[in-house]
Amino acid sequence: MKALVTGGAGFIGSHTVDKMLDKGWEVVVLDNLSTGLRDNLDSRAKFIEMDIVDSGLSQVFAQERFDYVVHLAAQTAVPYSIDHPDIDCKINLLGLVNVLEACRQTSVKRVVLSSSAAVYGDVDRLPITEDCVLNPASFYGLTKLTSEKYLALYHQIHGIDYVAFRYANVYGERQGDGGEGGVVSIFTRKIRHDQPVQVFGDGGQTRDFIYVGDVAEANCQVLTAPQAAVNRVYNISTQSQISVNDLVELLAEAAGKQVAKVHVSARDGDIYHSMLSNRAAIDNICWKPQMMLAEGLRRTYHSLNK
Ligand SMILES: NC(=O)c1ccc[n+]([C@@H]2O[C@H](COP(=O)([O-])OP(=O)(O)OC[C@H]3O[C@@H](n4cnc5c(N)ncnc54)[C@H](O)[C@@H]3O)[C@@H](O)[C@H]2O)c1
């Protein structure tokens, strides 16, 4: 079983690669190292330094002949997409089409896409289920939603099987400060340096934090899931919510120190509550989140101290 992980030098990608290697799969990583790191790469995986928009991509596919592709490489920062919709579109849509064309030409069996809770926008009915109204509030959310639709159409027209995962806020070891779910890593670094953490608004806003190991397991699990479970979208989440204030408390416990908070004005457009239903993924792809938040935060905090 041979898999390509685009963005495999990044946060979620490198954990996904590790899990695949541990399962004995042959893994190739393709990454331009724009936010990913060489240090994240396991030497058992083959590494190709390339941009997903590169015209040489189809040649790589023709040479390597992948069975499966997990497509994680993306422009991942919501605010950046607002300021640079052209670059967000180029990487997240033209890059995706380049990958899908190469998949089509080389008969890849299944493609997994990292979509996002950003496709929902502000939804007041919790937990958010996959059939909710989709109203992305950023160009990033829009390119993720459009990516899902590309996959559905490639399946319809060319028969390529796919799954699109809408991840909640992912956290864990190796997370950078940018991108989507960065609050845990930002707070963790502040706490490590005995600096106060900056909380937007009253801190009562809630998020659904999912551990990166659980996300990586879903990425692997779905590649061999029964045919009836694919060609659709799933939320990948814990289906629980924690406020930013309580998150700070848990991180303080993990660090074993007092943490000072500085409240600043709420950010425009930030949604107040978020929690994604994970019922469909649990019922269909033999996956369940395993990591308790307190333990995941403890591991994350201590990994930064190494
Ligand atoms: N972290 C989260 O909470 C979260 C939530 C929802 C969705 N996602 C999605 O999951 C995926 C992985 O995110 P992450 O958090 O691991 O981010 P990350 O920045 O750590 O990983 C992205 C990887 O893609 C690579 N990359 C970026 N542009 C590229 C390009 N043009 N060509 C080749 N490689 C490129 C980067 O170098 C990096 O290694 C992304 O698609 C992101 O949108 C993340």
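Which helices (runs of 4 or more DSSP H) does region 199-306 wholly contain that include 1 or more residues that are open to solvent by 60 Å² or more (accessible area, probe 1.4 Å)?
Ranges flagged: 244-255, 279-284, 293-304.
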(message) Looking only at residues that are farther than 15 Å from ASP67 by Cβ and open to solvent by 30 Å² or more (accessible area, probe 1.4 Å) in region 13-25, which one is farthest from the ligand (Cβ to nearest atom)?
(response) ASP22
(request) Scan region 27-42 and report the pairs whose first residue is of a type in the set (Gly, Ala, Ser) and whose second residue is open to solvent by 10 Å² or more (accessible area, probe 1.4 Å), with Cβ atoms within less than 6 Å and a gap of 6+ or a chain change. (result) GLY36/GLY10
(request) Give region 125-153 a look and list any residue that's closer than 21 Å to VAL170 by Cα and charged (D, E, K, R), or say none. (result) GLU130, LYS144, GLU148
(request) May I ask you to verify whether ARG104 is assigned to a helix (DSSP H, G or I), open to solvent by 40 Å² or more (accessible area, probe 1.4 Å) and away from the ligand (no atom under 15 Å from the Cβ)? (result) yes
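Listed here are the residues, each with its yes/no results for (1) under 20 Å from VAL119 (Cβ atoms); (2) in a helix (DSSP H, G or I); (3) open to solvent by 20 Å² or more (accessible area, probe 1.4 Å); (4) not assigned by TED's automatic domain parsing to the domain that holds ASP177.
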residue	(1), (2), (3), (4)
VAL60	no, yes, no, yes
GLN63	no, yes, yes, yes
PHE66	no, no, no, yes
SER81	yes, yes, no, yes
ASP88	yes, yes, no, yes
ILE91	yes, yes, yes, yes
LEU94	yes, yes, yes, yes
VAL97	yes, yes, yes, yes
LEU100	yes, yes, no, yes
(request) Mind listing whichever residues of region 1-30 are acidic (Asp, Glu) and touching a strand residue (DSSP E or B) at 6+ places or on another chain (Cβ under 7 Å)? (result) GLU26
(request) Within region 107-144, work out how many residues are surrounded by fewer than 24 Cβ atoms within 10 Å (Cβ to Cβ), within 12 Å of the ligand (Cβ to nearest atom) and over 20 Å from ARG279 (Cα atoms). (result) 2
(message) Just to be sure before I move on: is LEU251 among the aliphatic types (A, V, I, L, M), touching a Leu at 6+ places or on another chain (Cβ under 7 Å) and at pLDDT 95 or above in the structure I sent?
(response) yes
(request) Output the residue which, of all residues in region 36-58 that are in a loop (DSSP other than H, G, I, E, B) and of a type in the set (Ser, Thr, Tyr), is farthest from the ligand (Cβ to nearest atom). (result) SER43
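The values are calculated or read from the model by the stated rules, or taken from the named source; none is laboratory data. Note that the structure is a prediction, hence the values are computed from the model and not measured. For neighbour counting, all protein chains shown are included, and Cβ atoms are generated from backbone atoms with ideal geometry for every residue, glycine included. Protein only, heavy atoms only, side chains kept; ligands, DNA and RNA dropped before computing areas. Shrake-Rupley method; radii C 1.70, N 1.55, O 1.52, S 1.80 Å.
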